[in-house]
Amino acid sequence: MDYIQKQKEKLISDLKLKGIKSEKVLSAMWKVPRERFIDQSILGQSYQDVALPIICGQTISQPYTVAFMTEKLDISSGMKVLEIGTGSGYQSCVLAELGANVYSVERIDELYFYSQNMFKELGYNITQKLGDGTFGWKDFAPYDRVMITAGAPETPLELLKQMKIHAKMIIPIGNKTLQIMTLIERNSETEFITTKFSQFRFVPLIGKQGWEN
Ligand code: SAM
């Protein structure tokens, strides 16, 4: 496993070169074993800075994307964070490593059970739901932070409603193949400030307030 350790060191230094500054985020990503979330046949690619295929035709996001989105959310310990698109569960664990109380929603049952199993094996306490995350998760709202890890055509209204005042949301918005990473900050009951970053590529957010299946 020595080569994994070396690849991991290289990835962290690459992320710094690409502009990730938060030591907290880099340290969380150092601690979560990405190699455990992917198929053993592509184990050698665990710490390459690329998205990788997981079951059900979905992907585990590129490490740079995980670092970028997590850094923009500026997570502090004890925050209540809603994640839409559990996928492999890797991003949820990075959020949990930062001390967040993570509520994660996934629409595909196989992935819901796959990630549930990973959380148990790795000892992460993540609250999970199977369903359409474009409705958010009202039972635990409002949230300090919201992260959408699938490409949306627009911001689902329900998710905006479930943000606390001063909460932040990070969401890729665009068409089915390319999206603009967008940060939304809620200043008051009615005022939301939007900041746009560069383009990213996600699988589509499928649901009532997302893309049609
Ligand atoms: N965060 C994941 C990780 O660390 O592996 C990567 C997520 S993957 C790029 C996007 C995920 O969003 C897929 O698992 C997909 O099934 C899920 N998804 C798409 N639309 C959804 C919806 N409406 N509600 C919940 N999950 C959704």
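A Gaussian network model of the chain, with springs between Cα atoms under 10 Å, assigns the largest mean-square fluctuation among Gly99, Gly87, Gly151 to Gly99. Mean residue ellipticity at 222 nm, helices only, the chain: -9000 deg cm²/dmol; runs of at least 4 DSSP H residues each add -39,500 (n - 2.57), and the sum is divided by the number of residues. Cross-link partners of Lys120 among lysines, defined as those whose alpha carbon lies under 24 angstrom from its own and excluding same-chain residues fewer than eight positions apart: Lys8, Lys24, Lys31, Lys80, Lys129. Computed over the chain, relative contact order equals 15 percent, with contacts defined as Cα pairs under 8 Å that lie 6+ residues apart.
Angle of helix 63-73 to the longest C-alpha principal axis of the chain, folded into 0 to 90 degrees and rounded to 10: 40°. In terms of other Cβ atoms within 10 Å, Leu73, Leu205, Leu17 run from fewest to most in the order Leu17, Leu73, Leu205. Each pair of Cα atoms in the stretch 132-185 enters the Kirkwood radius, and Stokes-Einstein at 25 °C and 0.890 mPa s then converts it into a translational diffusion coefficient of 218 µm²/s. For Ala167, the residues whose amide H sits under 5 Å from its own are Arg186, ignoring neighbours fewer than 5 places away on the same chain, with H placed 1.01 Å from N.
Arranged from fewest to most other beta-carbon atoms within 10 Å of their beta carbon, Thr86, Thr127, Thr190, Thr182 become Thr190, Thr127, Thr182, Thr86.
Expressed to the nearest 5 percent, the antiparallel share of DSSP beta bridges inside the stretch 3-200 is 45 percent. Of Ser61, Ser88, Ser41, the residue with the greatest mean-square motion in the GNM of the chain, using alpha carbon springs below 10 Å, is Ser41.
Taken over the chain, the alpha-carbon convex hull comes to 110 cubic angstrom per residue. In order along the stretch 116-125, the phi-based Karplus estimate (6.51 cos²θ - 1.76 cosθ + 1.60, θ = phi - 60°) of 3J(HN,Hα) comes to 4, 5, 4, 4, 5, 4, 8, x, 9, 9 Hz; Gly and Pro are listed as x. Put simply, the C-alpha atoms of the stretch 1-82 give a gyration tensor, and the ellipsoid matching it has half-axes of 21, 16, 11 Å, longest first.
For the stretch 114-213, the set of chymotrypsin sites (Phe, Trp or Tyr not before Pro) satisfying both a DSSP loop assignment and a count of at most 12 other C-beta atoms within 10 Å is empty.
Read-outs: derived from the displayed coordinates by stated rules, not from any lab. All figures in this text were calculated on a predicted structure; none of them were measured in a lab. Cβ sites come from the backbone with ideal geometry, for glycine too, and all protein chains shown count toward neighbours.
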